[in-house]
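The values are calculated or read from the model by the stated rules, or taken from the named source; none is laboratory data. Computed from a predicted model, the values in this text were never measured in an experiment. Neighbour counts run over all protein chains shown; Cβ positions are idealised from the backbone, glycine included.
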Amino acid sequence: MSNNIQGKVVVITGASAGMGEAAARHLAAEGARLVLGARRADRLDALVAEIEAAGGSAVARATDVSRRADVEALMQAGLDAYGRIDVLVNNAGIMPLSMFDALQVEDWDRTIDVNIKGVLYGIAAVLPQMKAQKSGQILSTTSIGAHMVVPTTGVYSATKHAVKAISEGLRQELTGHNIRVGILSPGTVKTELASSIPGDEMRDAHQDFVDQLGIPADSYAQMLAFAISQPENVDVNEILFRPTAQQM
């Protein structure tokens with residue numbers, strides 16, 4: 001029986017580490033053909049080599065999702081290599097948490113550029129192709145922060161709320177085009193996301209929390225595979241998951 005992943009062309013942004021890297025390995029093992037984007041080209045190249053050595057298929061391109069031209073070039077690389085794009089995983093994101101009175105305005109700008117504009121650029125780059133082929137799936141990584149706000153997360157959570165709204169609006173507009181749209185909202189997962197937090201004290205405290213409570217990045221990969229693997233007439237619109245021990 002087909003897993004509905006075998007042979008699909010899947011674009012993943014933020015693929016050089018954490019959940020994106022785990023997703024690439026997992027989907028490659030399920031038979032997907034991968035198009036991987038991230039800023040760290042050396043790590044992407046190593047991941048492609050690993051996937052190909054295991055018998056999988058992948059191409060990669062250095063990509064800064066805050067640059068529309070980079071995102072368009074990533075999608076074109078997928079089309080050049082495989083002739084189509086079946087799934088876009090908007091996974092790239094940053095989380096520079098801070099109190100508002102710290103006035104980290106440059107971080108606010110960067111968070112909006114990556115977490116919101118990066119998703120929109122991905123949609124813009126892939127949507128014409130998916131409409132032309134009358135099939136596709138767009139999955140975006142939000143966060144438990146799309147459902148709650150606590151001190152220091154105001155801007156980050158705002159961007160994740162935005163991606164949730166964008167995805168729901170897109171889903172409604174595409175119901176007649178056989179294109180599935182959804183989000184994945186992880187709780188605490190062991191990734192490098194804390195590295196974007198300014199200030200050693202806050203960054204170290206958050207990393208300690210993640211180290212103690214976080215679940216493996218492969219948990220995201222399994223949730224992603226579940227959403228992709230459903231029959232084409234089943235649209236998984238949201239998966240919210242967290243460590244069993246996480247209260248909020």
Practice task
Return the only residue of Asp45, Asp70 being surrounded by fewer than 18 Cβ atoms within 10 Å (Cβ to Cβ), in contact with a strand residue (DSSP E or B) (Cβ under 9 Å, 6 or more places away or on another chain), more than 17 Å from Asp218 (Cβ to Cβ) and not polar (S, T, N, Q).
Solution key: Asp45
Problem - Restricting segment 212-231 to residues that are surrounded by fewer than 16 Cβ atoms within 10 Å (Cβ to Cβ) and modelled with pLDDT under 95, the residue that is nearest to Lys190 (Cα to Cα) - result: Pro216
Completion exercise
Restricted to segment 109-134 and to residues being hydrophobic (A, V, I, L, M, F, W, C) and in contact with a Ser or Thr (Cβ under 9 Å, 6 or more places away or on another chain), the residue surrounded by the most Cβ atoms within 10 Å (Cβ to Cβ) is Val119
Exercise for the section: Return a yes/no flag: does segment 11-30 have any residue that is under 15 Å from Gly78 (Cβ atoms), in contact with an Asp or Glu (Cβ under 8 Å, 6 or more places away or on another chain), aliphatic (A, V, I, L, M) and crowded, with 20+ Cβ neighbours inside 10 Å. Expected result: yes
Practice task
Go through (1) basic (Lys, Arg); (2) surrounded by fewer than 19 Cβ atoms within 10 Å (Cβ to Cβ); (3) farther than 30 Å from Trp108 by Cβ and name the single condition Arg180 misses.
Solution key: (2)
Exercise for the section: Take Ser185 and decide whether it is within 19 Å of the chain's Cα centre (by Cα), in contact (Cβ under 8 Å) with a residue 24 or more places away in the chain, surrounded by 18 or more Cβ atoms within 10 Å (Cβ to Cβ) and under 21 Å from Met19 (Cα atoms). Expected result: yes
Problem - Restricting segment 73-97 to residues that are modelled with pLDDT under 95 and more than 23 Å from Met223 (Cα to Cα), the residue that is surrounded by the most Cβ atoms within 10 Å (Cβ to Cβ) - result: Leu97
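Only strands (runs of 3 or more DSSP E) wholly contained in segment 45-161 count here; list those with 3 or more residues that are free of Cβ contacts under 8 Å to residues at least 40 places away in the same chain.
Output list reads 57-62.
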